[in-house]
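To keep things clear, I will list the structure first and then write my remarks on it.
All of the numbers you see were taken from the coordinates with simple rules; none came from a lab. None of these values were measured; they are calculated from a predicted model. All Cβ positions, glycine included, derive from the backbone under ideal geometry; neighbour counts span all protein chains shown.
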Amino acid sequence: MHHKTATRTAREPAPETKGRTIRWARLYDFATTFLSFGRAGALRRTTIDLAQPASGEKVLDVGCGPGTLALAAKERVGPGGEVHGIDAAPEMIALAREKAAKTGATVDFQVALIERLPFPDDHFDLVTSTLMFHHLPGDLKRAGLAEIRRVLKPGGRLLVVDFAAHAESGLGHLLAVFGLSKDRSGVDPMRKLLQEARFANVEVLETKQQQMAFMRAWKG
Ligand SMILES: C[S@@+](CC[C@H](N)C(=O)[O-])C[C@H]1O[C@@H](n2cnc3c(N)ncnc32)[C@H](O)[C@@H]1O
């Protein structure tokens, strides 16, 4: 028997979604860790600073990719808190679970969709989502925001981080990734979507990262 084959866990099937999934999890993780010239690290640190996961809180990261932000949130909420990460790509979740096992962190990573969150109503203090919304068509953005609002506790908060520019074109995407774009035309449509989804006090937060939009909103 080959030891490697015996210990490898079977990969879960990928659920069907109209969102753009990323199946090349290891390359994505490598690129965001080593090829982003420190930008990805700075983005995570700013996200955590603005989201402020507090000791004992319940946190969900939606579209968590390889789990970096969820693992950082777990350090903040401590053993009395609870952190979950979901992603549509089984490869991302497998890698996130591997990282959690390596560090001994108890974070629950699940293959799941933003449009059908597997959590009860009014459960989370904080939901985060980074670089994910531009992967969703308009109707899924609306369905996803409704789901996030459902699983947030009353008074709970959402932090959405995404390219400030419309990131549909390949060139626009690249310019935004390398911080070369001054285009912030994606901010107003996202603010409108958050307001239409009945989030209160929608704020666009000022940061040094002009190419990114950091938006915070509350379940009133
Ligand atoms: C660019 S990655 C961002 C990953 C991570 N949040 C980060 O900041 O590095 C976008 C992620 O959204 C996931 N995704 C796409 N459609 C989705 C859906 N409908 N539900 C949940 N995740 C989805 C992709 O598989 C991918 O891992």
Output for the range 87-106, where each listed residue is surrounded by fewer than 23 Cβ atoms within 10 Å (Cβ to Cβ) and closer than 17 Å to residue 72 by Cβ: 95, 97, 98, 99, 100, 101, 102, 103, 104, 105, 106
Residues within the range 137-146 that are over 17 Å from residue 215 (Cα atoms) and within 11 Å of the ligand (Cβ to nearest atom), tallied: 3
Subset tally (residues that are out of contact with any strand residue (DSSP E or B) (no Cβ under 6 Å at 6 or more places or on another chain), within 14 Å of residue 62 (Cα to Cα) and hydrophobic (A, V, I, L, M, F, W, C)) for the range 86-117: 5
Strands (runs of 3 or more DSSP E) wholly inside the range 76-169 containing at least 1 residues that are of a type in the set (S, T, N, Q): 108-111, 124-130
Qualifying positions in the range 23-63 - assigned to a loop (DSSP other than H, G, I, E, B) and surrounded by 19 or more Cβ atoms within 10 Å (Cβ to Cβ): 53, 57, 63
Count of residues meeting criterion [near the ligand (Cβ under 9 Å from one of its atoms), among the aliphatic types (A, V, I, L, M) and under 23 Å from residue 157 (Cβ atoms)] in the range 90-116: 3
Subset of the range 181-197 [more than 20 Å from the chain's Cα centre (by Cα), farther than 17 Å from residue 131 by Cα and assigned to a loop (DSSP other than H, G, I, E, B)]: 182
